[in-house]
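Participant: Take a look at the following structure, please.
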Amino acid sequence: GGGVVTVLLLSLVASYFAAKRKTDYFLANRSLTWTMLLGTFVGAQIGGGFILGNTEEAFRHGFFGSMYGLGIAIGILILGFGFGAKLRSLQIATLPEIVHRRYGSSLFQRIASLVSILSLAGGLLCQAIGMKKFLLAIGYQSEIIYFITWGIVVLYTSFGGLLAVVWTDTIQ
């Protein structure tokens, strides 16, 4: 209903502004150690949405419901076995930069930017759904508590970028 639309709009706006500050926001000034990166990749993937949502789907659908977890493991292995280093060597920060460097097209770069903004918004929306399920699981049904909690997450993520996320993952 209206709550989902509000969360989606808030997520889209936050994603748009986050995409504007690329190196500091997305890469934490390239100052993270490999252990911090590994921890945040694992922490970001294995959160409330994964634990509550994926577990529910695995229970309902068996092996095929657990494919998300397998995808996470394969993705982290691919990054760790050289793909991440290859991306780092290109000295770029975002998918639109990769597209522009490869194809030299401003149109393709704009399309990639739109896709990036939409995927960030989708990720935020998934986190919002996971947070809602988590709050329900621990007994909080109040929409006000949900929106306050979600607002805090959107604010620290939007303004703090990857570094804020890494420190939050570390604390968790």
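Participant: For segment 93-100, indicate whether the set of residues that are outside any helix (DSSP H, G or I) and more than 17 Å from Val42 (Cα to Cα) is non-empty. Explain how you work it out, then say what you get.
Facilitator: Applying the first criterion (outside any helix (DSSP H, G or I)) to segment 93-100 yields 93-94.
Now narrow it down to the ones that are more than 17 Å from Val42 (Cα to Cα): 93-94.
Taking every residue of segment 93-100 in turn, at least one turns out to be outside any helix (DSSP H, G or I) and more than 17 Å from Val42 (Cα to Cα).
Participant: Identify, from the list Gly82, Gly62, the residue that is open to solvent by less than 50 Å² (accessible area, probe 1.4 Å) and closer than 19 Å to Leu38 by Cα. Let's see the steps before the verdict.
Facilitator: Values: Gly62 fails: closer than 19 Å to Leu38 by Cα.
Matching residue, one of Gly82, Gly62: Gly82.
Participant: Filter segment 114-130 for residues that are under 19 Å from Tyr68 (Cβ atoms) and among the hydroxyl-bearing types (Ser, Thr, Tyr) and give the result.
Facilitator: Residue satisfying the conditions is Ser119 alone.
Participant: Show the residue pairs that are 6+ apart or on different chains and have beta-carbon atoms under 8 Å apart, the first residue being within segment 134-152 and closer than 24 Å to Ala164 by Cβ, the second being modelled with pLDDT of 85 or more and part of a loop (DSSP other than H, G, I, E, B).
Facilitator: Note: pairs meeting the criteria are Leu135/Gln141; Tyr146/Tyr140.
Participant: Also, I was wondering about something else. Among all residue pairs at least 6 apart or on different chains, which show Cβ distances below 8 Å where the first residue, located in segment 75-97, is more than 24 Å from Arg110 (Cα to Cα) and the second is of a type outside the set (D, E, K, R)?
Facilitator: Every condition considered, the pairs that remain are Ile76/Leu38; Ile76/Phe41; Ile76/Val42; Ile76/Gln45; Leu79/Phe41; Gly80/Leu38.
So that you can scan it fast, the table gives a plain yes or no per residue for (1) at pLDDT 75 or above; (2) part of a helix (DSSP H, G or I); (3) open to solvent by 50 Å² or more (accessible area, probe 1.4 Å):
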| site | (1), (2), (3) |
| --- | --- |
| Phe41 | no, yes, yes |
| Ile51 | no, yes, yes |
| Ala58 | yes, yes, no |
| Gly75 | yes, yes, no |
| Ile111 | yes, yes, yes |
| Leu118 | yes, yes, yes |
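The values are calculated or read from the model by the stated rules, or taken from the named source; none is laboratory data. Since we're looking at a predicted model, the values are computed, not measured. For neighbour counting, all protein chains shown are included, and Cβ atoms are generated from backbone atoms with ideal geometry for every residue, glycine included. Heavy atoms of the whole protein, side chains included, go into the accessibility calculation; ligands, DNA and RNA do not. Shrake-Rupley method; radii C 1.70, N 1.55, O 1.52, S 1.80 Å.
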